[in-house]
Amino acid sequence: IASMKKEGEEVSGDRGTYFKTDAGLLCVILSDGMGTGEAAAEESRISVEILEELLKAGMEPSCAMRLLNAAAMLRNGEEWGYATVDLCCIDLFTGETTFYKYGAAPSFVKTGRAIRRIRGVSLAAGMLAGADAAPDRIRVRLRPGNVALIASDGVLAEKQDQWLRDILAASEQSRPITSSTSF
């Protein structure tokens, strides 16, 4: 996990966490508050905290994401902004993995020499209501040696990800990627 604040800012607008549930589900959450500075940091902090609490309480990830979206919509009337949310849930027993995305930047999965770009089309949490409020949901199966990478749009601009693909392609499959590159 790495983070870095935007040049000229006091704080980063990105927040993230990871944890394992009692059922053997590894959850990785990344949120990027819209805008910059303290306001963006607060938006992403609230999003991560709400989602983490819901998941740790045993709520199914898709339901937890929808509830987070509803909470964001209710809070928007109180001048709360929007935040992208990326949730990756990995069943540590089977490798079944689901990426849930609300407006989040692409994620990547490296399997052998193949690199798959995981991309959603939904808007940030709090921007959609009703039937359209579901997060993007992409399922893959991870196997030992696969690499899954989640990053915010501060790292990945749309369609400008070749440098990251090159790092993934050059990495050894059997060990995690380590790099001195700062984000």
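Just wondering, is there one or more residues in region 69-91 that are open to solvent by 20 Å² or more (accessible area, probe 1.4 Å) and at pLDDT 90 or above? The answer is yes, given that some residue of region 69-91 is open to solvent by 20 Å² or more (accessible area, probe 1.4 Å) and at pLDDT 90 or above. Return yes or no: is residue 103 in contact with a Phe, Trp or Tyr (Cβ under 9 Å, 6 or more places away or on another chain) and either within 24 Å of residue 145 (Cβ to Cβ) or open to solvent by less than 10 Å² (accessible area, probe 1.4 Å) (or both)? Answer is no for this residue. Count of region 106-115 residues, restricted to those that are open to solvent by 20 Å² or more (accessible area, probe 1.4 Å) and either hydrophobic (A, V, I, L, M, F, W, C) or within 16 Å of the chain's Cα centre (by Cα) (or both), is 2. Of all the listed residues (135, 144), the sole one being under 18 Å from the mean Cα position of the chain (by Cα), more than 18 Å from residue 4 (Cβ to Cβ) and at pLDDT 80 or above is 135. Of all the residues in region 2-45, those that are surrounded by fewer than 17 Cβ atoms within 10 Å (Cβ to Cβ), among the acidic types (Asp, Glu) and not in a loop (DSSP other than H, G, I, E, B) number 1.
The values are calculated or read from the model by the stated rules, or taken from the named source; none is laboratory data. Computed from a predicted structure; not experimentally measured. In this analysis, Cβ positions are derived from the backbone assuming ideal geometry, glycine residues included, and neighbour counts consider all displayed protein chains. To get the accessible areas, we keep the full protein, side chains included, count just its heavy atoms, and leave off ligands, DNA and RNA. Shrake-Rupley method; radii C 1.70, N 1.55, O 1.52, S 1.80 Å.
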